[in-house]
Amino acid sequence: MTGDLQDRLNAVQAALDEARASVEAGDAVDLTGLDETVRAICADLTATTAGDDRDELARAIGTVINDLDSLAAGLAEQHHRAVAGSGLDAAAKSAYGENGKTTNDPDGER
């Protein structure tokens with residue numbers, strides 16, 4: 001069972017690496033199903049009794065936790081940039097102007 005757990009942890013690690021690369025590139029991230037995968041791994045970990053493998057799996061889980069924290073920080077920064085002046089705020093001002101009227105507003109002055 002521990003080989004299967006390690007394989008699934010490796011798959012989660014690969015998904016997190018891909019997600020982090022997407023965030024760094026400014027792209028959207030799809031983490032659909034990751035929560036269920038991690039939940040199933042955690043449930044299986046509680047049933048694991050293999051001594052030496054437990055330590056290795058614990059290290060792998062620690063790495064996944066660190067990578068999730070790093071991804072969360074990257075997503076927060078990406079969100080902050082998107083909402084800041086160069087992101088959504090600037091796009092909204094471009095679309096609606098400083099006075100809130102659209103550039104195509106027939107009653108507007110633009």
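The values are calculated or read from the model by the stated rules, or taken from the named source; none is laboratory data. The model shown is predicted, which means the values in this text are computed figures rather than measured ones. Note that we place each Cβ from the backbone using ideal geometry, even for glycine, and neighbour counts take in every protein chain shown.
Below, the figures for the structure above:
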{"quantity": "Breaking point among (1) at pLDDT 80 or above; (2) within 26 Å of Asn10 (Cβ to Cβ); (3) assigned to a helix (DSSP H, G or I), for Arg54", "calculated": "(1)"}
{"quantity": "Qualifying residue in the stretch 98-110 (condition: modelled with pLDDT of 70 or more and either acidic (Asp, Glu) or part of a loop (DSSP other than H, G, I, E, B) (or both))", "calculated": "no"}
{"quantity": "Any pair with Cβ under 9 angstrom, 6 or more apart, that starts in the stretch 45-72 at a residue that is farther than 24 Å from Glu18 by Cα and acidic (Asp, Glu) and ends at one that is in a helix (DSSP H, G or I) and at pLDDT 80 or above", "calculated": "Asp53/Leu5; Asp53/Gln6"}
{"quantity": "Residue satisfying all of: in the stretch 31-51; loosely packed, with under 12 Cβ neighbours inside 10 Å and of a type in the set (A, V, I, L, M, F, W, C); modelled with the lowest pLDDT among these", "calculated": "Ala47"}
{"quantity": "Cβ-Cβ under 9 Å pairs, at least 6 apart or on other chains, the stretch 13-37 side free of Cβ contacts under 8 Å to residues at least 60 places away in the same chain, far side among the basic types (Lys, Arg)", "calculated": "Gly26/Arg81; Val29/Arg20; Thr37/Arg8"}
